[in-house]
Amino acid sequence: MLDLLGGVLVIGGMTGFGFLYLEKGQRRVEELKRLAYLFKLLKSEITFKKQPLPFACRASGEKIREREGRILEAIAGDMEEGNGMSFREIWRSRWKEQLQLSMLSEYEKNKVLEFSSFVGYEEETLQENMMECQVEEFTLLAEKVRDELEKKKRVVLLLSSCTGILFVLILL
């Protein structure tokens, strides 16, 4: 009886690892969607409200309740202080520490960081175009990751369950 209970627990645990893997992928999709939304907000603040970049960061940050909003507000605060740092340095320093906690791939993290290389106190149209590119990029990445997850879902759950069964057979 204990062998059966132990076997069920091992199989359940391994299946749980499969669900954990899929949940991490789903969190990654959500992060990508939030980043696309962030750049869409920044673009609208600059395009329609004609806000300079520090004010656009603050206004967008106030509209986003997640971690990304707090980062934008901190970036705006640093830019308004005028401590001699460029937009690129401020953007990278604020995002680098937060991206360590992220589910994003290295490529996606680098896309967030490299945004600052092309945007700063430059001409308005350049900023708008760069932000539109970021919106499109992160939207496409989110769709791609979501599609990959859907394709892998059954395989991941099947493999994790089969691994649990294999462990039970080895232990018996």
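Inclusion of Gly16 among residues that are under 30 Å from Leu166 (Cα atoms) and of a type outside the set (Val, Ile, Thr) is warranted. Are any of the residues in region 113-124 among the aromatic types (Phe, Trp, Tyr) and farther than 20 Å from Ala36 by Cβ? Yes. Only helices (runs of 4 or more DSSP H) whose full extent lies in region 45-126 are considered here, and none of them has at least 2 residues that are touching a residue at least 40 places away in the same chain (Cβ under 8 Å), open to solvent by 20 Å² or more (accessible area, probe 1.4 Å) and touching a Phe, Trp or Tyr at 6+ places or on another chain (Cβ under 7 Å). When residues of region 54-87 are filtered for being on the phi > 0 side of the Ramachandran plot and β-branched (Val, Ile, Thr), how many remain? Number satisfying all stated conditions: 0.
The single condition among (1) closer than 30 Å to Leu2 by Cβ; (2) of a type in the set (A, V, I, L, M); (3) within 13 Å of the chain's Cα centre (by Cα) that Leu171 does not satisfy is (3).
So which residues in region 103-154 are among the acidic types (Asp, Glu), at pLDDT below 80 and touching a helix residue (DSSP H, G or I) at 6+ places or on another chain (Cβ under 8 Å)? Break it down into steps so the answer makes sense when it comes.
Let us first name the residues in region 103-154 that are among the acidic types (Asp, Glu), namely 106, 108, 114, 122-124, 128, 132, 136-137, 143, 147-148, 150.
Checking which are at pLDDT below 80 leaves us with 122-124, 128.
Of everything in region 103-154, those that are among the acidic types (Asp, Glu), at pLDDT below 80 and touching a helix residue (DSSP H, G or I) at 6+ places or on another chain (Cβ under 8 Å) turn out to be Glu124, Glu128.
Among residues of region 145-166 being open to solvent by 90 Å² or more (accessible area, probe 1.4 Å) and not charged (D, E, K, R), the one that is nearest to Gly6 (Cα to Cα) is Leu166. Of the residues making up region 2-17, not a single one is surrounded by 19 or more Cβ atoms within 10 Å (Cβ to Cβ) and either under 15 Å from the mean Cα position of the chain (by Cα) or outside any helix (DSSP H, G or I) (or both). With respect to the conditions (1) open to solvent by 60 Å² or more (accessible area, probe 1.4 Å); (2) of a type in the set (Val, Ile, Thr); (3) modelled with pLDDT of 90 or more, Val29 lacks only one, and its number is (1).
The values are calculated or read from the model by the stated rules, or taken from the named source; none is laboratory data. No experiment lies behind these values; they were computed from the predicted model shown. In this analysis, Cβ positions are derived from the backbone assuming ideal geometry, glycine residues included, and neighbour counts consider all displayed protein chains. Only protein heavy atoms, including side chains, enter the accessible area calculation; ligands, DNA and RNA are left aside. Shrake-Rupley method; radii C 1.70, N 1.55, O 1.52, S 1.80 Å.
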